[in-house]
Each structure stands twice: as C-alpha cells, then as structure tokens.
Amino acid sequence: MDDFDDLEFDDDDSLAIIKMQDESGEDKDFIIIDSKVYKNNNYLLVIEADAADEDESDAYILKELKEVDGDSYYTVLEDGHEFNEVSILFDNDDYEIEL
C-alpha cells in the first residue's frame, strides 16, 4: 500500500478514515488511531477498518511525504531504523503495540 486519497470523517463515530490502494489496486479503508510529529515529519498509526472490532489487529505506521509541487501523500514506513524510532512514540496506555 503506497498512498491514500483524502481524509474522510465517519459522521457516526467521528473517526478519521483514509482510503489506500493495495498492490493489486484494490481500495481499503483504514482508521487513524493516532498521529505524531517527529523530526519535522508527520506520521499516522492506522488499522484496517474491517479489523476495528477485533481484540488484536495489524497496525501500520504511515509517513507523510511531499511532492515537488507541495502536495502531500503518505506511504507505509518501511525503514527499520526509522520504524523503530517512530513506533516508540506511539506506545501509550490507550493501546499496546507489539513489534
């Protein structure tokens, strides 16, 4: 999953939802759990909307990138060192993250 369209808010639950495309081009909805700024970069912690009611679900950290024209998009954070640094920021009492 490489990028997302615009943020949408679900009126019923006031959750921020993003749409991302997987490798096959299929759109999937993700719920934004948290956001952080670290070293002047914006990051989102998201889970698949279909897994929101499960006790445990996979989460992804997305990093905001900017294009030359100033438009922004998010990409899944894949760099191991950066991922380890940023994942610590999302560790809190509201949810538990296992690496």
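Within the range 27-54, track down each residue that is over 13 Å from the mean Cα position of the chain (by Cα), farther than 21 Å from H81 by Cβ and open to solvent by 30 Å² or more (accessible area, probe 1.4 Å).
D27, D50, A52, D53, E54
Scan the range 55-85 residue by residue and report those that are free of Cβ contacts under 8 Å to residues at least 24 places away in the same chain and farther than 19 Å from M20 by Cβ.
Once the filter is applied, which keeps residues that are free of Cβ contacts under 8 Å to residues at least 24 places away in the same chain and farther than 19 Å from M20 by Cβ, the range 55-85 yields D55, E56, V68, D69, G70, G80, H81, E82, N84.
For the range 55-91, enumerate the residues that are polar (S, T, N, Q), surrounded by fewer than 16 Cβ atoms within 10 Å (Cβ to Cβ) and farther than 19 Å from K28 by Cβ.
S72, N84
List every residue pair whose Cβ atoms sit under 9 Å apart, with the two residues 6 or more apart in sequence or on different chains, where the first one lies in the range 25-44 and is free of Cβ contacts under 8 Å to residues at least 60 places away in the same chain and acidic (D, E) and the second, anywhere, is loosely packed, with under 15 Cβ neighbours inside 10 Å and part of a strand (DSSP E or B).
Cβ pairs passing all conditions: D27/Q21; D29/E8.
Quick one: I88 ticks every box in (1) in contact with a strand residue (DSSP E or B) (Cβ under 8 Å, 6 or more places away or on another chain); (2) part of a helix (DSSP H, G or I) except a single one, so which number is it?
All conditions pass for I88, except number (1).
The values are calculated or read from the model by the stated rules, or taken from the named source; none is laboratory data. Only a predicted model underlies this, so the values are computations on that prediction, with no experimental measurement involved. Every residue, glycine among them, receives a Cβ derived from its backbone with ideal geometry; neighbour counts consider all protein chains shown. Please note that ligands, DNA and RNA were not included when accessible areas were found on the heavy atoms of the full protein model with its side chains. Shrake-Rupley method; radii C 1.70, N 1.55, O 1.52, S 1.80 Å.
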